[in-house]
Amino acid sequence: MAAVGEAPGSAVRVGCIGAGRMARGVLGGLIISGKVPAQNISVSAPSDSNLHYFRDRGCQTSHSNLAVLYEADIVFLATKPHVIPQVLMEIASAITPQQVIVSMAAGLSLRTLEKLVPDGVRILRMCPNLPCVIQEGSVVFSRGSCAGQQEADMLKGLLSVCGMCEEVPESYIDIHTGLSGSGVAYVYLFAEALTEGAVKMGMPSAVSSRIAAQTLLGAAKMILETGEHPAKLRYDVCTPGGTTIHGLHELEKGGLKATVMNAVEAATKRAKELDQQ
Ligand SMILES: NC(=O)c1ccc[n+]([C@@H]2O[C@H](COP(=O)([O-])OP(=O)(O)OC[C@H]3O[C@@H](n4cnc5c(N)ncnc54)[C@H](OP(=O)(O)O)[C@@H]3O)[C@@H](O)[C@H]2O)c1
């Protein structure tokens, strides 16, 4: 098998079963970066509705999951969680010892996944988020019992182009789903609220939505680049008696922080429930 992570020009063959939003997010990052040549990527889905995105970019596409397995060194599973058992039943007996399987499915534990494949299959579990497609994603992953450092390094090497990619204890993965997989949507809701607040005060939404996005981007970069806790950065913006503390008081009255904490908790619990279904 080719060493993943050595591209551009790497000969690693990447397969993906499922062609929806997250497949596009993760593989889109690989394609845009040129990390893996498009002709080395094969993708399957039952219908053509999502495959055209990959076909248009020079990837191989198929309605056969087995065809993708035969063409790949590393195979991502990117169907909805409830479809994964059916997919693994279909491909399990054809997985070779040289191949690596990586599940993106929310909730499905490594224990559950390993029960669905023959003993010895090298399997990893990852949780991505949608900004992978613009190479600003957050990905965490854990290894199954047969996957070693080599497979972890391989996945990290491959996905480093998608943004942040870290190996974590498996117990963090459902939390990452609640924090970051779903968290992207919370941030969009916050951006929408900022935009509508400005519209209410008389700024056109085309301007205010761009300013809201730039505000989120700048604030996020400040957290990453200073390494400071968000509470410290927030404190620094609050002039005594100034505008920000008046605005923050309204957010506190509306219970923003507790509501967001509840959202992370609810999404994490929902991810855990998916493994029990
Ligand atoms: N969306 C996120 O932000 C996010 C974040 C973290 C993790 N995830 C995980 O990523 C996975 C995919 O989510 P998604 O949002 O990308 O879903 P999605 O947009 O609904 O895409 C699902 C894909 O699976 C395909 N599919 C359905 N049945 C199949 C089968 N039997 N064999 C092969 N492909 C099949 C669908 O085919 P068609 O194209 O024919 O419909 C579609 O391409 C989920 O397990 C989810 O938990 C998603």
Quote to one decimal, in nm, the extra length available between VAL83 and GLU265 on full extension: 0.36 nm per residue of separation minus the C-alpha distance between them.
63.0 nm
In the chain, which Cys residues have no partner Cys with a Cβ closer than 4.7 Å?
CYS16, CYS59, CYS127, CYS146, CYS165, CYS238
Set of aspartates and glutamates near LYS257 by C-alpha distance (under 14 Å), chain-local residues within fewer than 8 positions excluded
GLU265
Order these peptides, 113-125, 251-263, by their mean beta-carbon neighbour count within 10 angstrom, highest first.
113-125, 251-263
Could you state the principal axis extents of the C-alpha atoms in the chain, from the largest down, to the nearest angstrom?
67, 37, 34
Net charge of Cβ neighbours under 9 Å - reference LEU110; Lys, Arg +1; Asp, Glu -1
+1
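What percent do you get for the relative contact order of region 14-170 when only Cα pairs under 8 Å and 6+ apart count? Display every interim value, and only then the final one.
Values: 325 pairs, mean separation 35.2, N = 157.
Here the relative contact order equals 22 percent.
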Provide the percentage of antiparallel DSSP beta bridges, counting only those with both residues in the chain; round to the nearest 5.
15 percent
Taking R0 as 25 Å and r as the Cβ-Cβ distance between GLN214 and LEU256, the FRET efficiency 1/(1 + (r/R0)^6), rounded to the nearest 0.05, comes to 0.75
What FRET efficiency would be calculated for the residue pair SER160, MET201, taking the C-beta separation as r and a Förster radius of 45 Å, to the nearest 0.05?
0.60
Ranked highest first by average number of other Cβ atoms within 10 Å, how do 210-222, 179-191 line up?
179-191, 210-222
If each residue of separation counts as 0.36 nm, what is the full-extension length gain between SER64 and ALA185 once their alpha-carbon separation is subtracted?
40.4 nm
May I ask you to compute the full-extension gain from ARG55 to VAL168, defined as 0.36 nm times their residue separation minus their alpha-carbon distance, rounded to one decimal in nm?
37.3 nm
Using a Förster distance of 45 Å, how high is the FRET efficiency between ALA92 and TYR235, based on the Cβ-Cβ distance and rounded to 0.05?
0.25
Helical contribution to [θ] at 222 nm, DSSP H n ≥ 4, -39,500 (n - 2.57), averaged over the chain, rounded to 500:
-14500 deg cm²/dmol
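Kindly report the accessible area of the chain per residue (heavy atoms of protein chains, probe 1.4 Å, no ligands, DNA or RNA), in Å².
On the way: 14720 Å² over 277 residues.
About 53 Å² of surface per residue is accessible.
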Membrane-span-like helices (DSSP H runs, Cα span along own axis at least 20 Å, mean Kyte-Doolittle at least -1.0) in the chain -> 183-200, 205-226, 256-274
Ranked output for segments 74-87, 22-35, 195-208 by mean other Cβ atoms within 10 Å, highest leading, reads 22-35, 74-87, 195-208
Two-decimal Rg/Rh of region 66-106 from alpha-carbon positions, Kirkwood Rh?
0.93
Which whole-percent values make up P(r) of region 14-170 when all C-alpha to C-alpha distances are grouped in 10 Å steps starting at zero?
12, 46, 37, 5
In whole percent, and with a 1.4 Å probe on the protein chains, what portion of the accessible area of the chain is carbon and sulfur?
59 percent
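The values are calculated or read from the model by the stated rules, or taken from the named source; none is laboratory data. Predicted, not measured: the structure shown is a model, and the values here were computed from it. Here the Cβ is made from the backbone with ideal geometry for all residues, glycine too, and neighbour counts use every protein chain on show. With ligands, DNA and RNA removed, areas are computed over all heavy atoms of the protein, side chains included. Shrake-Rupley method; radii C 1.70, N 1.55, O 1.52, S 1.80 Å.
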